[in-house]
Amino acid sequence: MPLYFITEEVTREGMMSCKEAPERAKGVVDFAAKFNVSVLEFHFCMAHFDFIMKVEAPDDESASAFAMAVRRTGNVSAQVTRAFTPEEWAGIVARLPD
């Protein structure tokens, strides 16, 4: 199944209720399942983004719909990155013309 990384940045609205965020985060796995998305890892970060999720989804549309639904909460902005395994990447490179 395709792999994605979703990075999130807390919005002003999210920061105003950040004390409730750990409890809200507990529902992320169940919320993702509604979009046929499996959360493999979920971490708080000290980076230019605040959270990162490693997820699997059957297709780009499912991953995108999940990220859009997360954005609609107003607590975070989210970016989706499609990730390829080394084997998938090798297959992509093999398609390049000589």
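The values are calculated or read from the model by the stated rules, or taken from the named source; none is laboratory data. Every value quoted in this text rests on a predicted model; they were computed, and no experiment measured them. FYI the Cβ positions are ideal-geometry reconstructions off the backbone, even for glycines, and counts take in every protein chain you see. In case anyone asks, the SASA skips ligands and DNA or RNA and just uses the protein heavy atoms, side chains included. Shrake-Rupley method; radii C 1.70, N 1.55, O 1.52, S 1.80 Å.
Between ALA69 and ALA21, the FRET efficiency estimated from the beta carbon spacing at R0 = 22 angstrom works out to 0.85.
Starting from the Cα of ALA83, move 7 Å in the Cα-to-Cβ direction to define the label point; list residues of region 45-75 whose amide nitrogen is under 12 Å from there. Answer for region 45-75: 52-57. Taking only protein heavy atoms and a 1.4 Å probe, the accessible area of the chain is 59% carbon and sulfur. Applying both filters, DSSP loop and at most 14 other Cβ atoms within 10 Å, to the trypsin sites (Lys or Arg not before Pro) of the chain gives LYS26, LYS34, ARG95.
Summarising the label geometry, the points placed 7 Å from Cα in the beta-carbon direction at ASP60 and HIS48 lie 2.3 nm from one another. Each residue of the chain gets 115 Å³ once the volume of the Cα convex hull is shared out per residue.
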